[in-house]
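The values are calculated or read from the model by the stated rules, or taken from the named source; none is laboratory data. Model, not experiment: these values are computed from the prediction. Cβ: placed from backbone, ideal geometry, glycine included. Neighbour counts: every protein chain shown. Accessible surface areas use protein heavy atoms only, side chains included; no ligands, DNA or RNA. Shrake-Rupley method; radii C 1.70, N 1.55, O 1.52, S 1.80 Å.
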Amino acid sequence: MIFLDPKTDIVFKKLFSNAQHTDILINFLNNTLDRPQGQQIVSVVINDPYNHPELVSGKSSIVDVRCTDQSGQQYIIEMQVVNQRDFAQRCQYYVALALSRQLQKAEEFITLMPVIFIGILNYNIFKSDKYLSHHGIVNLKTGERTLNAQEYHFVELKKFDKQLEQLSNDFDKWVYFFKHAESLQTIPV
């Protein structure tokens, strides 16, 4: 039996951008974001992944997966296999772009919905030894988080060293799948 590598662009997009199987995307999002009951994502709409520039001279880009949940929160999911020194800046650009495109003329800023970025990286980006990290904008003195329009979550596959028998939750199973799918011989329990 041969398993395709979910880290490759086409397989990743086929897995998570399939409008007929949004349950897979919802499961991944809820497990990665560790959403408690009552705050879980129950439905998503897959959105256009293209970031078309508003000006001819503007930068265009494409994200791997973009979706919106039932409450209007937007999600951007990127699989990054090759270490790019500007990836952190690129993540912030994608989120800022998604935020800036939410409002039309005369709309109130209070109506902005959060944009949540998830990066799955096949390399290390942070010094911490944790394979999952959550980032937001906080008060540097108090640690209080009141600026809630942006969230960043990173899964660093190189830091994940659990073996199959050590997987304790669905998120660990997702990370194991991303890291080991191409070398599996059978479907794990």
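See the values below:
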read-out	value
Alpha carbon Rg of the chain, scaled by the compact-globule rule 2.2 N^0.38 Å	1.07
Charge-dipole axis of the chain as Lys and Arg at +1 and Asp and Glu at -1 on Cβ define it, positive-most pick from Gln163, Val95, Ile125	Ile125
Ratio of the Cα radius of gyration of the stretch 5-46 to 2.2 N^0.38 Å, where N counts its residues	1.23
Ile120 long-range amide H proximity, modeled H, under 5 Å	Glu78, Met79, Gln80, Val155
Hz values of 3J(HN,Hα) by residue in the stretch 141-146 - Karplus curve (6.51, -1.76, 1.60), Gly and Pro given as x	8, 9, x, 5, 10, 10
For Asn124, net neighbour charge (Lys/Arg +1, Asp/Glu -1) across residues whose Cβ lies under 12 Å away	+2
Whole-Hz ³J(HN,Hα) from phi, Karplus 6.51 cos²θ - 1.76 cosθ + 1.60, for the stretch 22-35, glycine and proline x	5, 4, 5, 4, 4, 4, 4, 4, 4, 6, 5, 7, 6, 6
With at most 11 other Cβ atoms within 10 Å, longest stretch of the chain clear of loop GluC sites (Glu not before Pro) (DSSP)	1-53
Carbon + sulfur, % of accessible area of the stretch 1-51 - ligands and nucleic acids excluded, 1.4 Å	55
Per residue accessible area of the chain, 1.4 Å probe, in Å²	61
Gaussian network model of the chain, Cα within-10 Å springs - most flexible of Lys141, Lys130, Lys14	Lys141
Violating pairs (Cα-Cα greater than 30 angstrom) within the set Lys13/Lys130; Lys141/Lys173; Lys14/Lys105	Lys141/Lys173; Lys14/Lys105
Dipole moment magnitude, nearest 20 debye, the chain about Cα centre, only Lys, Arg, Asp, Glu C-beta charged	380
In sequence order, calculated HN-Hα J values of the stretch 83-99 (Karplus, 6.51, -1.76, 1.60; Hz; x Gly/Pro)	5, 10, 5, 9, 4, 4, 5, 4, 4, 5, 4, 4, 5, 4, 5, 5, 5
Principal-axis tilt of helix 170-180 within the chain, Cα atoms, nearest 10 degrees	70
Listed residues Val81, Val175 arranged by accessible area, highest first, probe 1.4 Å	Val81, Val175
